Amino acid sequence: MPQITREVVWLKPGQIAERAGVSVPTLHYYESRGLIASRRTSGNRREYRRDTLRMIAFIRTAQRVGVSLEEIKDALAELPDQRIPTKRDWERISRRWHDRLTARIEELTALRDRFTDCIGCGCLSLKSCPYSNPDDVLGQGGAGARRFPH
């Protein structure tokens with residue numbers, strides 16, 4: 001557990017949740033997934049460091065652009081535990097996702113630009129529609145089921 005210094009401000013779950021715009025159960029969920037951390041008081045109540053607000057903002061923003069919680073966890077694992085993340089820390093993480101996000105933006109832009117034609121065509125062809133069956137990956141293996149429950 002980090003040393004308590006004068007620089008560290010600890011907040012109650014309700015305070016963090018209100019300021020971050022999330023629910024307290026969301027905080028607990030993020031904590032259970034290893035995305036944020038808390039400490040326990042002598043009364044066994046959770047407290048979060050104030051810089052957890054930055055972590056939550058980062059998590060929510062990354063989720064909005066399609067980054068999975070697992071990828072977010074991996075990125076947060078690179079951050080230092082004992083100090084507030086710097087602008088350089090955040091820049092390093094964003095560079096890692098830059099190309100992927102750019103490709104996603106291009107894909108969504110193309111979908112938006114062709115969407116009217118796609119819906120208007122009415123075919124919804126599983127063989128040729130680039131939107132309902134992109135690249136026909138499973139169909140390349142032949143007809144029939146290709147996925148089985150594990």
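When all protein chains stay in place and ligands, DNA and RNA are ignored, the 1.4 Å accessible-area order of 46, 39, 100, largest first, is 100, 46, 39.
With a 1.4 Å probe rolled over the protein heavy atoms of all chains, the accessible area of 89, 113, 99, 74 falls in the order 99, 113, 74, 89, largest first.
The values are calculated or read from the model by the stated rules, or taken from the named source; none is laboratory data. Computed from a predicted structure; not experimentally measured. The accessibility values were calculated without ligands, DNA or RNA, using every heavy atom of the protein model including side chains. Shrake-Rupley method; radii C 1.70, N 1.55, O 1.52, S 1.80 Å.
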